[in-house]
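A short worksheet on the structure shown next.
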Amino acid sequence: MYDPVLLSKKIESIVCNGNRRKYYRFRSAGFYGGIATADCVGCCIRCRFCWALHVTDRPKSIGHFYSPRQVAERLVRIARKKGFRQVRMSGNEPTIGRSHLLQVLQAIPQGLLFILETNGILIGADPDYAKALARYPNLEVRVSLKGSNSEEFQRLTAAKPEGFDLQVGALEHLLESGVPCYPAVMASFSSSKTLEALRLRLANLRADFYDLEVEEVVCYPRVQEELNRVGLIPHDVMQGSWE
């Protein structure tokens, strides 16, 4: 098992250079009704079901460095070309490289909503991160929980189980700082009992968190290979062919 917070520091030394960070593509996507997307390189957990395993496993050899201004300009250009009102960072873990992320947020026009998709671990580990994010009124944070509890988190990521409490802690810190946020959960490996227990736990933070977003594994060929390798069998899947 590994400590995801410590791993984030190692990954940051690879994918960040000053205020620049590595990205491997910029694109439009149909999620959220249409959104401009910057796919970053580098993550602090190793989800067995990750659709971007080919990037997560090769942070040294994939991607190119971009400044915050370059990232923002590309996102805005895509959004305006497509008529989108939303932008995001996705692909790996965007909270690695805090200074870079905050500078990207600063450069995004307030007329565009920035959706931060994160595993939440670094925000859960440091409440000051949430306070820094609270400075941006056009920000919304989606915290993607890896399983329904600590045991599932460890099984799905091979990380220390305490990482799950950091994920939930991110929601707590974001709420305390007044940052709009909501939870999602990878539930393809959860039982109805553990999922209900999670719903009740999150409802204690905010009542509407009970109706959290439920994610399903998308079984791209590379994902299926990894699940087979580690002996994980999801009960809900979506079939997909690699882009």
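Those helices (runs of 4 or more DSSP H) of the stretch 128-204 in which 2 or more residues are at pLDDT below 95, of a type in the set (Ser, Thr, Tyr) and more than 17 Å from residue 214 (Cα to Cα) are absent. Here residue 136 meets each of (1) under 30 Å from residue 234 (Cα atoms); (2) touching a Leu at 6+ places or on another chain (Cβ under 7 Å) with one exception, condition (1).
Look at residue 94 and say whether it is within 25 Å of residue 16 (Cα to Cα) and either touching a residue at least 40 places away in the same chain (Cβ under 8 Å) or buried (at least 20 other Cβ atoms within 10 Å of the Cβ) (or both). Yes, satisfied. If the condition is being at pLDDT 75 or above, out of contact with any strand residue (DSSP E or B) (no Cβ under 8 Å at 6 or more places or on another chain) and in a loop (DSSP other than H, G, I, E, B), then the stretch 221-243 contributes 231, 232, 233, 235. All conditions but one from (1) touching a residue at least 24 places away in the same chain (Cβ under 8 Å); (2) farther than 23 Å from residue 56 by Cβ apply to residue 128; the one that does not is (1).
Would you tally the residues in the stretch 23-50 being of a type outside the set (Ser, Thr, Tyr) and within 14 Å of residue 93 (Cβ to Cβ)? Quick ask: steps written out before the conclusion?
Applying the first criterion (of a type outside the set (Ser, Thr, Tyr)) to the stretch 23-50 yields 25-27, 29-31, 33-36, 38-50.
Restricting the remaining residues to those that are within 14 Å of residue 93 (Cβ to Cβ) gives 38-47, 50.
So the answer is 11.
Could you check, for the stretch 40-55, whether at least one of its residues is of a type in the set (D, E, K, R) and under 16 Å from the mean Cα position of the chain (by Cα)? It would help to see each step written out before you state the result.
First pass over the stretch 40-55, keeping only residues of a type in the set (D, E, K, R): 46, 48.
From what is left, the residues that are under 16 Å from the mean Cα position of the chain (by Cα) are 46, 48.
Yes: the stretch 40-55 contains one or more residues that are of a type in the set (D, E, K, R) and under 16 Å from the mean Cα position of the chain (by Cα).
Each residue in the stretch 46-58 was checked for being out of contact with any Lys or Arg (no Cβ under 7 Å at 6 or more places or on another chain) and free of Cβ contacts under 8 Å to residues at least 60 places away in the same chain, and 4 of them qualify. Against the numbered list (1) of a type in the set (Gly, Ala, Ser); (2) at pLDDT 95 or above; (3) within 14 Å of the chain's Cα centre (by Cα), residue 91 comes up short only at (2).
Exactly one residue among 84, 65 is farther than 30 Å from residue 199 by Cα, outside any loop (DSSP other than H, G, I, E, B) and aromatic (Phe, Trp, Tyr), and that residue is 65. Note on the stretch 124-179: among residues that are buried (at least 22 other Cβ atoms within 10 Å of the Cβ) and polar (S, T, N, Q), the one that is farthest from residue 201 (Cα to Cα) is 157.
For the stretch 1-36, a tally of residues being over 20 Å from residue 104 (Cα atoms), of a type in the set (A, V, I, L, M, F, W, C) and in contact with a Lys or Arg (Cβ under 7 Å, 6 or more places away or on another chain) returns 1. Residues in the stretch 205-220 that are of a type outside the set (Val, Ile, Thr), out of contact with any helix residue (DSSP H, G or I) (no Cβ under 9 Å at 6 or more places or on another chain) and not in a loop (DSSP other than H, G, I, E, B): 4 in all. The C-beta contact set for the stretch 1-23 (first residue within 15 Å of residue 40 (Cβ to Cβ) and among the aromatic types (Phe, Trp, Tyr), second residue modelled with pLDDT under 95 and part of a strand (DSSP E or B), distance under 9 angstrom, 6+ apart or interchain) comprises 23/89.
Annotation: of all residues in the stretch 11-47 being assigned to a helix (DSSP H, G or I) and over 18 Å from residue 118 (Cα atoms), the one that is modelled with the lowest pLDDT is 33.
The values are calculated or read from the model by the stated rules, or taken from the named source; none is laboratory data. Computed from a predicted structure; not experimentally measured. Note that we place each Cβ from the backbone using ideal geometry, even for glycine, and neighbour counts take in every protein chain shown.
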